[in-house]
Amino acid sequence: MKVSDAMSRDVRLVGPEASICDAAKTMAAIDAGSVPVSEGDRLVGMITDRDIAVRAVAQHKGPDTRVREVMSTDVKYCFDDEEIDDVAANMGDIRVRRLPVVSRDKRLVGILSLGDIAMVGGQGAADAAGEAIAGVSRPGGPHSQSAS
């Protein structure tokens, strides 16, 4: 099964100059923990609820702080024509719960979450989602906010 068969196509975006308050409102409206950040037609980052909590609130930054100041700029993504099993394994390896989905010409076409993978049906999809969750749930890794 391909990523395009499971991904969410209705992707809300925020700009890097938006406030973290606006980003949080967008997340609340779509019931998601992250939103891609775009500048023009380019994907320039991702902002997560964790970015807001750890990089903004915990650092005493206010709600008018710009998304650019706290977003993750090392954006991982997948292609819409990739196999779900391969992408799910990669999500576990890189410890992310959601990936922006781009076409081969690098246009944002959707977002894929572990929940999307689990919902496509079949034991293979459930196994792939379970393995990815196990990988994401390991302590530490590139998104760890704890001091080493």
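Our coupling estimate for the range 25-35, obtained by passing each phi through the Karplus curve with A = 6.51, B = -1.76, C = 1.60 and θ = phi - 60°, is 5, 5, 4, 5, 5, 9, 6, 9, x, 7, 9 Hz, Gly and Pro reported as x. Under a 5 Å amide H cut-off, with hydrogens placed 1.01 Å from N, VAL44 pairs with VAL37, SER38, GLU39 among residues at least 5 apart or on other chains. Between amide H atoms placed 1.01 Å from N, distances below 5 Å from LYS2 occur with ILE84, all of them 5 or more places distant or on a separate chain. For the range 37-52, putting each phi into the Karplus relation 6.51 cos²θ - 1.76 cosθ + 1.60 with θ = phi - 60° gives couplings of 10, 10, 10, x, 9, 9, 7, 10, x, 9, 10, 10, 4, 5, 4, 5 Hz, in residue order, rounded to whole numbers and with x for Gly and Pro. With a threshold of 22 Å on the Cα-Cα distance, the over-threshold entries among LYS25/LYS61; LYS2/LYS25; LYS61/LYS106 are LYS2/LYS25; LYS61/LYS106.
A simple spin-label model places the labels of ARG107 and ASP5 2.4 nm from each other, with each point 7 Å out along Cα-to-Cβ. For VAL67, the shell of other residues with beta-carbons less than 10 Å away shows a net charge of -2, using +1 for Lys and Arg and -1 for Asp and Glu. In terms of its C-alpha gyration tensor, the range 7-46 has an oblate overall shape, because the principal axis ratio a/c (a ≥ b ≥ c, square roots of the eigenvalues) is not below 1.5 and a/b does not outweigh b/c. Per-residue Karplus couplings for the range 88-100, computed as 6.51 cos²θ - 1.76 cosθ + 1.60 with θ equal to phi - 60°, are listed in order as 4, 4, 5, 4, x, 5, 8, 6, 10, 9, 9, 9, x Hz, Gly and Pro entered as x.
Determine, from the Cβ-Cβ distance of LEU13 and ASP81 and an R0 of 22 Å, the FRET efficiency 1/(1 + (r/R0)^6), rounded to the nearest 0.05. My answer for the efficiency is 0.50.
Quick note: the coordinates plus some simple rules give every number you see, no bench work behind them. It should be emphasised that the depicted structure is a prediction, and the values quoted were computed from it without experimental measurement. Counting neighbours? That spans all protein chains shown, and the Cβs are built from the backbone with ideal geometry, glycine included.
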